[in-house]
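For reference, the structure discussed in these notes is given below.
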Amino acid sequence: MAKLTFLLLFVFSFTSTLAQQFSRVELVFNDGRVKSGYAQSVLEANKKLKFRETEKGETSVILLNELKSATYFLGSDTSRFERHDYFPAIQAKKAQKDGWFLLLRTGYVSLYFVQSTLGGGVNPATGMHNGSASFKEYFVIRPNEVALMKISTVASLNSNATFKMYAPRYFSDYPELAEKIKNKEYTYKDLEEVLDIYNAWIAQKQ
């Protein structure tokens, strides 16, 4: 999982930069239109994205739900965010709407990432600031699926729990792989390798 870790280190730096400025962007709309210019990060926007056609131009707003994806360019590096419905848990029956996810890699099963934070704010009873917890969450999707599915949550403790619970169900059509995940032969640290194995297995069947 070394390559994935390196990519995420870049992503954290990249998104921090995006949050502080308008960055060069290519926006793809739901109807297929493409618009290039400069915009704030979709992760920082609240329903409306601030956009400029030129770096110092007049600021306009675009509704986030009109967009399919936003690709940001920082030097020679790019970072593509896509809007998807998603299942927050594998047993969830109803998908959540309009989440923005970073595309990490494509394949028959594609991999997406989002960082989530729980807690924080002020405790009304004590006036003290509550602590917050940060999670790295990974989602996957096949071509025939209507929404992203959570596959792994990486936190400070028990990071393999979600992967061990969700991944065998998601890859249940490949029983040998699912069994190895259950037995911890593959853990959340092997997520990229698991995707490679599964996608290669699918390619052999097609």
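Charge tally for GLU66 (other residues, Cβ to Cβ under 13 Å; Lys, Arg +1; Asp, Glu -1): +4.
Show which aspartates and glutamates lie in cross-link reach of LYS35 when reach means a straight Cα distance below 18 angstrom and same-chain residues fewer than eight apart are skipped. Hits, sequence-local ones excluded: GLU26, GLU53, GLU55, GLU58, GLU66, GLU82. Near ASP31: Cβ cut-off under 14 Å, other residues only, Lys/Arg at +1 and Asp/Glu at -1. The net charge is +3.
We did not get these values from a lab; they are worked out from the coordinates using the rules stated. Since we're looking at a predicted model, the values are computed, not measured. Every residue, glycine as well, gets a Cβ built from its backbone with ideal geometry; the counts of neighbours run over all protein chains shown.
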